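Visitor: Before I ask anything, let me first share the structure, which is written out below as structure tokens.
Bear in mind that the values in this text are calculations on the coordinates, not laboratory data. For clarity, every value in this text was computed on a predicted model and none was experimentally measured. Here the Cβ is made from the backbone with ideal geometry for all residues, glycine too, and neighbour counts use every protein chain on show.
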Amino acid sequence: MTPRARTAPRRWILAALCLTVGTTAIAGGITLVARPDGSLLQLPVSVLRHSPFSGFLIPGLILLVIVGFTNLVAGVMVARDAPAGNAAAFCGGLALLGWIVTQLLLLRTVEGLQVCYLLAALAILAEANHRRSRRPPRSQLDASPG
């Protein structure tokens, strides 16, 4: 069994995590940008009282662009087994981790969904780092049959 064949199932798990995070972050970001008062998510602006924001427009843009698009692109790259896919997934995991940690600190709450996304960020970072360190040099990949 070739090294690429052994890592294929884990690659798909990493791709699925990145694609799920990316899709949900884009949806959440669009929702916050569309209604910065939080009404579409039934989220009161008062949750931002300890943050520098008076509405959800800027957080929505950050969620949409930085967390959403980074993870969506990373998911596609990992699924296609692109050479930079693992690095992109690591960046996506960092973006999500930064988002969640900032959210925990600024909102001063801990919700179940935050814990799920924190675990997803850690899983993405761990697997992307593992895959990046185990990936054979490009010359070996080109020389392998099939």
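Visitor: Counting only C-alpha contacts under 8 Å and six or more residues apart, can you give the relative contact order of the stretch 18-66 as a whole percent?
Guide: Relative CO of the stretch 18-66 lands at 46 percent.
Visitor: Which whole-number percent gives the relative contact order of the stretch 3-133, counting Cα pairs below 8 Å spaced six or more residues apart?
Guide: Relative contact order for the stretch 3-133 comes out at 29 percent.
Visitor: While we're looking at this one, here's another question. What dipole magnitude, in Debye to the nearest 20, does the chain give about its Cα centre under +1 on Lys/Arg Cβ and -1 on Asp/Glu Cβ?
Guide: 500
Visitor: If you don't mind, there's one more thing I want to ask. How do the peptides 112-119, 23-30 rank, highest first, by the average count of neighbouring beta carbon atoms within 10 Å per residue?
Guide: Result, highest mean first: 23-30, 112-119.
Visitor: Another question, if that's okay. Would you mind getting me the FRET efficiency between THR102 and ARG80? Use the beta-carbon distance for r and R0 = 30 Å, nearest 0.05. Present the calculation step by step, with values, prior to reporting the outcome.
Guide: On the way: r = 30 Å, r/R0 = 1.01.
Calculated transfer efficiency: 0.50.
Visitor: Taking Kirkwood radius over Cα pairs in Å as the quantity of interest, determine which of (1) 15.5; (2) 20.5; (3) 16.1 was computed from the displayed structure.
Guide: From the options (1) 15.5; (2) 20.5; (3) 16.1, the structure gives (3).
Visitor: As I understand it, the value is the acute angle between the Cα axis of helix 70-79 and the longest principal axis of the Cα atoms of the chain; what does it come to in degrees, rounded to 10?
Guide: 20
Visitor: Pop out the Kirkwood hydrodynamic radius of the stretch 65-113 from its pairwise C-alpha distances, inverse of mean 1/r, in Å to one decimal. Provide the component values of the computation, followed by the final result.
Guide: Working: mean 1/r = 0.0871 Å⁻¹.
For the stretch 65-113, inverting the mean 1/r across all distinct Cα pairs yields 11.5 Å.
Visitor: I'd like the Karplus ³J(HN,Hα) series for the stretch 36-51: coefficients 6.51, -1.76, 1.60, θ = phi - 60°, whole numbers in Hz, and an x wherever there's a Gly or Pro.
Guide: After applying 6.51 cos²θ - 1.76 cosθ + 1.60, I find x, 7, x, 5, 5, 9, 6, 10, x, 4, 4, 5, 8, 4, 9, 10 Hz.
Visitor: Sticking with this one: Nearest 10 degrees, 0 to 90: what angle lies between the long axis of helix 112-134 and the longest principal axis of the chain (Cα atoms)?
Guide: So the inclination is approximately 20 degrees.
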